[in-house]
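The values are calculated or read from the model by the stated rules, or taken from the named source; none is laboratory data. Owing to the predicted nature of the structure, the values given are computational and were not obtained by experimental measurement. Here Cβ is always computed from backbone atoms with ideal geometry, including for glycine, and neighbour counts include all displayed protein chains.
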Amino acid sequence: MLMNLAEILVFRGVNQLYTYLVPEKNAALYKTGYHVEVPFGKYTASGLIISINKKKLPASLSRENLKTISKTLPDRPNLGPDIIDLILWFSSYYQVSPYKSYQTILGNKKVRKLENNKIIIPKLTADYSMTKDQQDVISTILNNTGEHQTFLLHGVTSSGKTEVYMQIATRIISKNQKVLILLPEIALTPQYIKVFSDRFSHNIAILHSGLTPKEKEIEWNKIYAGQVDIVIGPRSAIFAPVKDIGVIIIDEEHEQTYKQENNPRYFTHTIARYRAKTNNSLLIYGSATPSIDTYSQCFEKHNINDSQVKLVKLTKRVSNRPMPTVEIVDMKEEIIRKNTGPLSLKLQEAIESKLRKKEKIIILLNRRGYATYVSCQKCGEILTCPQCNLSYTYHKDKKFRCHRCATQAPIYHTCPKCNKDTLGFSGTGIQKVELELRKFFPDSRINRLDRDSAKTAKQMENILSEFKKDGDILLGTQLIAKGHHIDEVTLVGVLGIDTTLNIPDFRAPERTFQLLTQVAGRAGRGEKKGTVIIQTFQPGHYAVQHASKHDFESFYKEEISYRKELWYPSFSALINIIFSAKNEEPLKRFADSVYEKLEKETAVLKEKVKITGPKPAPVEMIQNNYRWNILLKCEHNVVEKIKKTIKNLPKPPSSVRLIIDFDPKSIL
């Protein structure tokens, strides 16, 4: 006997779908993508219809044991096949329950009635002046509309990438398709809203965590109802219910914020690639400092499931404005001159000069609390690994460890350069620098922008607006390094870059180069040429040197050689297995058992997998929990096999938390 059977994603933390009988009465009311209520155990539960098929009852089920759907839930959205497919794929790829996948993608959205907004479709126009580079890039990308293709737009700072995005968006909309634009930070959202609103009127929806629950629901429903053609937002906006996607744009694609750092630890690029491929749409990465992983894909495909990335470039600033002049100050020389404060003499003089000319100044101090490094308090020498030149980090087992090549050495206190017993931890906080600036320049108007001074997008916007209007000096963390266009800024000072450079992570040089280049790009965007002063104890480091010359190509060549030698991405895929517990002993025992299982199961893969660990993580404790990790480096073509092994790892004891991070962007 044929029956209408539905596969239901039940809203419980279970790792399977369940089969239910569709009620014979009003069967037409139940369709794929509808939300329903079902009996589940002794209780009822909400769920999502994944599929409905008229078929015979499977042998594994009896008619008596088969339960019937109770009712539909009309206040919940009806999901299309693309979102259902995304939920199932995400669950499989990141090895989370179907409901966890649903929660990540949909949350708890409800349908609400909206006013009928008249959508204004702009026409492609030549009224906006563009450089030949911009026109060539737009032409190259638009020649591929209607088919899935991935591009990397590598454009120097202030080269007009945003105008390229808007021109492409206009053409996509004219074809009755939608545009999804992703940004790395909420702080960048207000200025994007203004620029795009000026061009596209109210044809935009904004999604970000700074909105109230009601505002989020309204914006989400505008997208769901098809009332807007452009969606803008940070990382989680990749899950917006956009139908008929024509292009996905990931601006500042190199930023670490595109990686979700709590469960499930998804990477926005991976989701974007999947959505672009299944929607047969364009995917555009944009950056002045592309990630090594993305840039390398322009020359070869590392993963057989990914399309090769096509490189397009904007090599000059708009109006041919010159790149800023960059000067490097060796802070070891400052110590010799008895200047032990955070501001070098050269930077003090430059600030004073700019203040006299009524020009604006940006000071970057990217102080990361966990990134303390070991240096000589006498001569300023940074203690680095002799094998790969990444800074050592100190561990509680009284060893210096390198987290790039796994070299370790017993702790010692004598500086290898000056032979003084003065090795210690280094780092300067942003509040100390603010006090120094106020002491040296008491009449200047100083604005500070960091996570303490601005906890919301609105507060960030207010601080930036205040600086643009009346401020003299903007002091901040990496929040100030990207995207902001302030014509009057002619000087950028960079402090404490060694903190970023010496993070015990193989990507530290890449992040340093990116940060230096991005913040340098804030200078000289107006009529006056910009100057950048970088203070560092490592003036000869290749990341600093190449950044000072705005030379991405040379940095890439040097960095990729290290990656190849040590078999890091993009030459391998990483999987980081993290163990966390209050008590270290059960953690170590479980980590050892996981290692033994992995070693046994991957033995047949021989040289295709390298397992490092188990060992203390670079950040050994968080909130009084010990942390260990096992890092797997795999050839791309064996990742799926490794994931199957990981799925069958032994379950951790109740006292140990196990975290699997596929494609980690940090191994701290």
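Working carefully through the options L566, L587, L574, find the one that is modelled with pLDDT of 95 or more, closer than 21 Å to L668 by Cα and in contact with a Cys (Cβ under 9 Å, 6 or more places away or on another chain).
L574
Which of (1) more than 30 Å from L668 (Cα to Cα); (2) touching a Gly at 6+ places or on another chain (Cβ under 7 Å); (3) crowded, with 23+ Cβ neighbours inside 10 Å does E253 not meet, given it meets every other one?
With (1) more than 30 Å from L668 (Cα to Cα); (2) touching a Gly at 6+ places or on another chain (Cβ under 7 Å); (3) crowded, with 23+ Cβ neighbours inside 10 Å applied to E253, the lone miss is (1).
Which residues, counting only those in the stretch 466-486, are touching a Pro at 6+ places or on another chain (Cβ under 9 Å) and at negative phi?
K482
Of all residues in the stretch 57-96, how many are under 23 Å from the mean Cα position of the chain (by Cα) and at negative phi?
11
Of the residues that make up the stretch 324-338, is at least one among the β-branched types (V, I, T) and under 30 Å from D293 (Cβ atoms)?
The first filter runs over the stretch 324-338 and keeps only residues among the β-branched types (V, I, T), leaving 325-326, 328-329, 335-336.
Applying the additional criterion that residues be under 30 Å from D293 (Cβ atoms) yields 326, 328.
There is at least one residue in the stretch 324-338 that is among the β-branched types (V, I, T) and under 30 Å from D293 (Cβ atoms).
Tell me whether the stretch 540-551 contains one or more residues that are out of contact with any Phe, Trp or Tyr (no Cβ under 6 Å at 6 or more places or on another chain), over 30 Å from G380 (Cβ atoms) and either modelled with pLDDT of 95 or more or outside any helix (DSSP H, G or I) (or both).
No, because not a single residue in the stretch 540-551 is out of contact with any Phe, Trp or Tyr (no Cβ under 6 Å at 6 or more places or on another chain), over 30 Å from G380 (Cβ atoms) and either modelled with pLDDT of 95 or more or outside any helix (DSSP H, G or I) (or both).
Name the residue that is farthest from L501 (Cα to Cα), counting only residues in the stretch 527-539 that are surrounded by fewer than 18 Cβ atoms within 10 Å (Cβ to Cβ) and at pLDDT below 95.
Among residues in the stretch 527-539 that are surrounded by fewer than 18 Cβ atoms within 10 Å (Cβ to Cβ) and at pLDDT below 95, the one farthest from L501 (Cα to Cα) is E527.
Looking at (1) touching a Phe, Trp or Tyr at 6+ places or on another chain (Cβ under 8 Å); (2) crowded, with 20+ Cβ neighbours inside 10 Å; (3) among the hydrophobic types (A, V, I, L, M, F, W, C); (4) more than 30 Å from K557 (Cβ to Cβ), which one does I575 not meet, given that it meets all the others?
Exception for I575: condition (4).
Using the structure shown, decide if L423 is modelled with pLDDT under 70 and touching a His at 6+ places or on another chain (Cβ under 8 Å).
Working: modelled with pLDDT under 70: no; touching a His at 6+ places or on another chain (Cβ under 8 Å): yes.
So L423 fails the test.
So I486 clears everything in (1) assigned to a loop (DSSP other than H, G, I, E, B); (2) within 25 Å of T340 (Cβ to Cβ); (3) among the aliphatic types (A, V, I, L, M) except one condition, right? Which one?
With (1) assigned to a loop (DSSP other than H, G, I, E, B); (2) within 25 Å of T340 (Cβ to Cβ); (3) among the aliphatic types (A, V, I, L, M) applied to I486, the lone miss is (2).
Results for (1) of a type in the set (D, E, K, R); (2) under 17 Å from V247 (Cα atoms); (3) crowded, with 19+ Cβ neighbours inside 10 Å, shown as yes or no for each residue.
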{"position": "L183", "(1), (2), (3)": "no, yes, yes"}
{"position": "T189", "(1), (2), (3)": "no, no, yes"}
{"position": "I193", "(1), (2), (3)": "no, no, no"}
{"position": "F200", "(1), (2), (3)": "no, yes, yes"}
{"position": "S209", "(1), (2), (3)": "no, no, no"}
{"position": "P213", "(1), (2), (3)": "no, no, no"}
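Being loosely packed, with under 15 Cβ neighbours inside 10 Å, among the hydrophobic types (A, V, I, L, M, F, W, C) and within 16 Å of R63 (Cα to Cα) narrows it down to one of L2, L21, L29, so name that one.
Values: L21 fails: loosely packed, with under 15 Cβ neighbours inside 10 Å; L29 fails: within 16 Å of R63 (Cα to Cα).
L2 is the lone residue from the list that is loosely packed, with under 15 Cβ neighbours inside 10 Å, among the hydrophobic types (A, V, I, L, M, F, W, C) and within 16 Å of R63 (Cα to Cα).
Looking only at the stretch 322-353, count how many residues are surrounded by 19 or more Cβ atoms within 10 Å (Cβ to Cβ) and in a loop (DSSP other than H, G, I, E, B).
Residues that pass the stated criteria total 5.
Go through the stretch 48-62 residue by residue and tally those that are part of a strand (DSSP E or B) and loosely packed, with under 12 Cβ neighbours inside 10 Å.
Qualifying residue count, the stretch 48-62: 3.
Which residues, counting only those in the stretch 144-162, are over 23 Å from the mean Cα position of the chain (by Cα) and among the charged types (D, E, K, R)?
The one that is over 23 Å from the mean Cα position of the chain (by Cα) and among the charged types (D, E, K, R): E147.
What are the residues in the stretch 163-207 that are over 22 Å from the mean Cα position of the chain (by Cα) and outside any helix (DSSP H, G or I), if any?
Within the stretch 163-207, K175, N176, Q177, K178, S201, H202, N203, I204 meet the criteria.
Pick from T294, T257, T289, T270: which is among the hydroxyl-bearing types (S, T, Y) and part of a loop (DSSP other than H, G, I, E, B)?
After applying the criteria, what remains is T289.
Output the residues belonging to the stretch 624-654 that are part of a helix (DSSP H, G or I) and β-branched (V, I, T).
V638, V639, I642, T645, I646
Given the criteria surrounded by 19 or more Cβ atoms within 10 Å (Cβ to Cβ), more than 32 Å from the chain's Cα centre (by Cα) and in the same structural domain as P98 (by TED's automatic domain parsing), does Y34 qualify?
yes
Here's a check for you: in the stretch 608-647, which residue that is free of Cβ contacts under 8 Å to residues at least 40 places away in the same chain, touching a helix residue (DSSP H, G or I) at 6+ places or on another chain (Cβ under 9 Å) and not charged (D, E, K, R) is surrounded by the fewest Cβ atoms within 10 Å (Cβ to Cβ)?
Going through the qualifying residues, I end up with V638.
Within the stretch 469-480, does at least one residue satisfy the condition of being under 22 Å from G210 (Cα atoms) and among the basic types (K, R)?
Keep residues of the stretch 469-480 that are under 22 Å from G210 (Cα atoms), which gives 476-480.
With the extra rule that they be among the basic types (K, R), the set shrinks to none.
Among the residues of the stretch 469-480, not one is under 22 Å from G210 (Cα atoms) and among the basic types (K, R), which makes the answer no.
Here are V492, V433: which of them is of a type in the set (A, V, I, L, M, F, W, C), in contact with a Pro (Cβ under 8 Å, 6 or more places away or on another chain), in a helix (DSSP H, G or I) and touching a residue at least 24 places away in the same chain (Cβ under 8 Å)?
Details: V492 fails: in a helix (DSSP H, G or I).
After ruling out the rest, the residue left standing is V433.
Find the residue count for the stretch 67-110, including only residues that are among the polar types (S, T, N, Q), farther than 14 Å from I49 by Cα and part of a loop (DSSP other than H, G, I, E, B).
3
Surrounded by 13 or more Cβ atoms within 10 Å (Cβ to Cβ), modelled with pLDDT under 85, more than 23 Å from K332 (Cα to Cα) and in contact with a helix residue (DSSP H, G or I) (Cβ under 9 Å, 6 or more places away or on another chain): which single residue out of S453, S444 fits that description?
S453
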